[in-house]
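Heads up, the thing below is written out as structure tokens.
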Amino acid sequence: MFATDRPWLRVYEGHAEPESEVFEGSLYDLFRNAVEEHREKTALSFYGNELGFARLQALVEKLAGSLAASGVGKGDRVALMLPNCPQYVIGFFATVRLGAIVTQINPMYVEREIEHILADSGAETIIVYADMYPRVKNVLPRTSLKNVVVVSFAGEPEGLDASHHLFDAFLSKDADPAPDVDLDPTEDVAALQYTGGTTGVSKGAMLTHRNLAANVQQAIDVFVADPGLFASNQRIVAILPFFHIYGLTCVMMFGIRMGLNQLLVPRFDAQEILDLVSRERPILFAGVPTMYMALNASGADLRKHRFHEIQVYNSGGSALPVNLLHAFEEKTGRRIYEGYGLSEASPVTHFNPIFAERRPGSIGVPIPGTDARIVDVETGENEVPAGETGELIVRGPQVMKGYWSMPDETVQTLRGGWLYTGDIAKMDEDGYFYIVDRKKDMVVASGYNVYPREVEEVLYEHPAVSEAVAVGVPDEYRGESIKAFVVKKQDKDASEEEILAFCGERLAPYKTPKAIEFRDELPKSTVGKLLRRVLADEEREKGRDPETTGTAAEDPPSPS
């Protein structure tokens, strides 16, 4: 018998236990156990250099000792501002080894964003990549920073302050071994994962040791249908940024726990990934939709580059257009399994399990140990029937402790043990969930609710469309109408009239875009997520200018 309000449990019949076994130790305990199990294996590969598990642990212990000697202790915040590289992994585990809190900073952030996170977290230590070091120096007087450690692959960077340290020199300091620290995995915070920032002040989600360890195990429960597949130090592509929660949990910590050789790639370049896969023959690739778009549009023969040998493809971060999914799968002969998550949930809450039916366009079912409901948008209290839309709420061991120093926002987001995601979704009769859109992105046109993702799915069906974003723009008659931003495929062409007519045949009149703006590229986050809010903000600014109200810009501004 399965609970009628949890129909997704049928998916797990005969497979993973619905209540996932949660690792009860700290993240460093998880790391130490993985080292003991995989001591003779390679943990990280970085441009021809390999680092084994045993050596990685020795470096982690050495850095932890140096950090402790510099005053870092339990509860202190240590900022990491690094691309994917061995120093990130060493810095992460050295920090949690001391009971300190990893504060994630996107290396692409500008000074204003860096200053906000450093000031908000109160971090006194930062490990930063040399190219980003000048930005940190510029904001230093307005922060609490005392220790600055610079990672450089090309010698001492120009302008290095005498009181700051190169990573290798700091690591080799003559320091006592790191002290043992008593931790409560359920209560003690391991990482501050700052969310977005495009819609307001970026908030630090407090993720405990248990939150992250639980989500690693939950990821294993649904990613790994055959444990033997990962038994011999297989290679995986580590292109998702570790400073992003998807890359941190589902690649970095997943790879450590499973004893995998992570092929570290600092930034996405389609040709580099084609060459890497062809040369190294990895078995797992986790990416965001724009990575799959770029690979699919590269013109390369993906089978010739051995993409058909990759056993597991995962996608997350934003919605994966169904036509892109089918096109990529046709070229590789392999399925992409889409999931869903958010920073506040470490991040994974839903996934299309490899061992069960996959439904294109769906984010799948709640992962083991996770409950989910769809509730009415107005009150957030009443569960809606299957097939109807509402706000998705979730609960499970991966849900954050709260927002750092933001009690009011925490109370709004965590209610009665449930995390209110802010995403509009629906559940079918079998318990598969579908994201319709962000609650705050919903457009009201002529009194009707329009979800931009539905419009974007239609745009992606057009043979000339490579990328598309739909936003709401002010409309004196309708209140709001839909405008679409489109990047055309290199070998295809289409006019605004043709695409508008295409949409008009497939969407209700109030959903059909009233204008199309072609661009060479669309704004993206550093993990490749299309930034709809940036385009919406641009349109809102235009709306304040009477000379541009109601018209499309003849010379559109460059994406930011």
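Residues checked against (1) part of a loop (DSSP other than H, G, I, E, B); (2) surrounded by 15 or more Cβ atoms within 10 Å (Cβ to Cβ):
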position: SER362; (1), (2): yes, yes
position: PRO368; (1), (2): yes, yes
position: GLU378; (1), (2): yes, no
position: MET400; (1), (2): yes, yes
position: SER405; (1), (2): yes, no
position: ALA425; (1), (2): no, yes
position: GLU429; (1), (2): yes, no
Of (1) within 26 Å of ALA175 (Cα to Cα); (2) hydrophobic (A, V, I, L, M, F, W, C); (3) crowded, with 16+ Cβ neighbours inside 10 Å, PHE153 satisfies all except one. Which? (3)
Within the stretch 97-114, is even one residue touching a residue at least 60 places away in the same chain (Cβ under 8 Å), assigned to a helix (DSSP H, G or I), touching a helix residue (DSSP H, G or I) at 6+ places or on another chain (Cβ under 9 Å) and crowded, with 23+ Cβ neighbours inside 10 Å? yes
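Is one or more of the residues making up the stretch 438-452 touching a strand residue (DSSP E or B) at 6+ places or on another chain (Cβ under 9 Å), part of a strand (DSSP E or B) and closer than 30 Å to VAL251 by Cα?
yes
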Note on the stretch 500-524: residues β-branched (Val, Ile, Thr) and either in contact with a Phe, Trp or Tyr (Cβ under 6 Å, 6 or more places away or on another chain) or not in a loop (DSSP other than H, G, I, E, B) (or both) are ILE516
Lone unmet requirement of (1) outside any helix (DSSP H, G or I); (2) more than 24 Å from ASP131 (Cβ to Cβ) for VAL78: (2)
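Right, VAL288: touching a residue at least 12 places away in the same chain (Cβ under 8 Å), more than 17 Å from VAL216 (Cα to Cα) and under 20 Å from the mean Cα position of the chain (by Cα) or not?
Details: touching a residue at least 12 places away in the same chain (Cβ under 8 Å): yes; more than 17 Å from VAL216 (Cα to Cα): yes; under 20 Å from the mean Cα position of the chain (by Cα): yes.
So VAL288 passes the test.
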Unique match (being closer than 15 Å to GLU344 by Cβ and modelled with pLDDT under 95) among ASP423, ASP437: ASP423
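Within the stretch 465-499, how many residues are assigned to a strand (DSSP E or B) and either more than 28 Å from the chain's Cα centre (by Cα) or within 16 Å of GLU539 (Cα to Cα) (or both)?
Initially, the stretch 465-499 is screened for residues assigned to a strand (DSSP E or B), giving 465-475, 479-488.
Still in the running and either more than 28 Å from the chain's Cα centre (by Cα) or within 16 Å of GLU539 (Cα to Cα) (or both): 468-475, 479-486.
Of the residues in the stretch 465-499, 16 are assigned to a strand (DSSP E or B) and either more than 28 Å from the chain's Cα centre (by Cα) or within 16 Å of GLU539 (Cα to Cα) (or both).
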Looking at (1) assigned to a strand (DSSP E or B); (2) of a type in the set (A, V, I, L, M); (3) touching a residue at least 60 places away in the same chain (Cβ under 8 Å); (4) closer than 30 Å to VAL189 by Cβ, find the lone condition where ILE393 falls short. (3)
Within the stretch 117-142, which residues are surrounded by 19 or more Cβ atoms within 10 Å (Cβ to Cβ) and either in contact (Cβ under 8 Å) with a residue 60 or more places away in the chain or not in a helix (DSSP H, G or I) (or both)? ILE117, ASP120, SER121, ALA123, GLU124, THR125, ILE126, ILE127, VAL128, TYR129
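Taking LEU274, is it free of Cβ contacts under 8 Å to residues at least 40 places away in the same chain and out of contact with any His (no Cβ under 6 Å at 6 or more places or on another chain)?
Working: free of Cβ contacts under 8 Å to residues at least 40 places away in the same chain: yes; out of contact with any His (no Cβ under 6 Å at 6 or more places or on another chain): no.
Criteria not met by LEU274.
Quick check on the stretch 197-207. Is at least one of its residues basic (Lys, Arg) and closer than 22 Å to LEU248 by Cα? I'd like the intermediate steps shown before the answer.
In the first step, residues of the stretch 197-207 are kept if they are basic (Lys, Arg); the result is 203.
Then keep just the ones that are closer than 22 Å to LEU248 by Cα; that gives 203.
Looking for residues that are basic (Lys, Arg) and closer than 22 Å to LEU248 by Cα, one finds at least one in the stretch 197-207, hence yes.
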So, in the stretch 23-55, how many residues would count as being within 25 Å of the chain's Cα centre (by Cα) and buried (at least 21 other Cβ atoms within 10 Å of the Cβ)? 8
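Listed residues VAL251, VAL216, VAL222, VAL237; which is outside the structural domain of ALA94 (by TED's automatic domain parsing), in contact with an Asp or Glu (Cβ under 9 Å, 6 or more places away or on another chain) and buried (at least 21 other Cβ atoms within 10 Å of the Cβ)? Walk me through how you get there before you give the answer.
Values: VAL251 fails: in contact with an Asp or Glu (Cβ under 9 Å, 6 or more places away or on another chain); VAL216 fails: in contact with an Asp or Glu (Cβ under 9 Å, 6 or more places away or on another chain); VAL222 fails: in contact with an Asp or Glu (Cβ under 9 Å, 6 or more places away or on another chain).
When all the criteria are applied, what remains is VAL237.
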Would you call LYS146 more than 20 Å from PHE243 (Cα to Cα) and in contact (Cβ under 8 Å) with a residue 40 or more places away in the chain? yes
Residue count, the stretch 264-279, condition within 18 Å of the chain's Cα centre (by Cα) and surrounded by 15 or more Cβ atoms within 10 Å (Cβ to Cβ), comes to 4
Of all residues in the stretch 17-63, count the ones that are part of a helix (DSSP H, G or I), farther than 11 Å from PHE93 by Cα and touching a strand residue (DSSP E or B) at 6+ places or on another chain (Cβ under 7 Å). 1
Restricting attention to the stretch 174-194, does a residue exist that is within 27 Å of the chain's Cα centre (by Cα), closer than 30 Å to GLU24 by Cβ, at pLDDT below 95 and not aliphatic (A, V, I, L, M)? yes
Is it true that LEU302 is among the hydrophobic types (A, V, I, L, M, F, W, C), in contact with a Leu (Cβ under 9 Å, 6 or more places away or on another chain) and either part of a strand (DSSP E or B) or within 20 Å of LEU51 (Cβ to Cβ) (or both)? no
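Residues are listed down the side, and each one gets a yes or a no for (1) under 17 Å from PRO347 (Cβ atoms); (2) in the same structural domain as PHE502 (by TED's automatic domain parsing):
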position: VAL394; (1), (2): yes, no
position: LYS401; (1), (2): yes, no
position: MET427; (1), (2): no, no
position: VAL455; (1), (2): no, yes
Taking the criterion of being crowded, with 18+ Cβ neighbours inside 10 Å, modelled with pLDDT of 95 or more and touching a Phe, Trp or Tyr at 6+ places or on another chain (Cβ under 6 Å), would at least one residue in the stretch 488-499 satisfy it? no
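The values are calculated or read from the model by the stated rules, or taken from the named source; none is laboratory data. Being a predicted model, the structure only gives us computed values, none of them experimental. Here the Cβ is made from the backbone with ideal geometry for all residues, glycine too, and neighbour counts use every protein chain on show.
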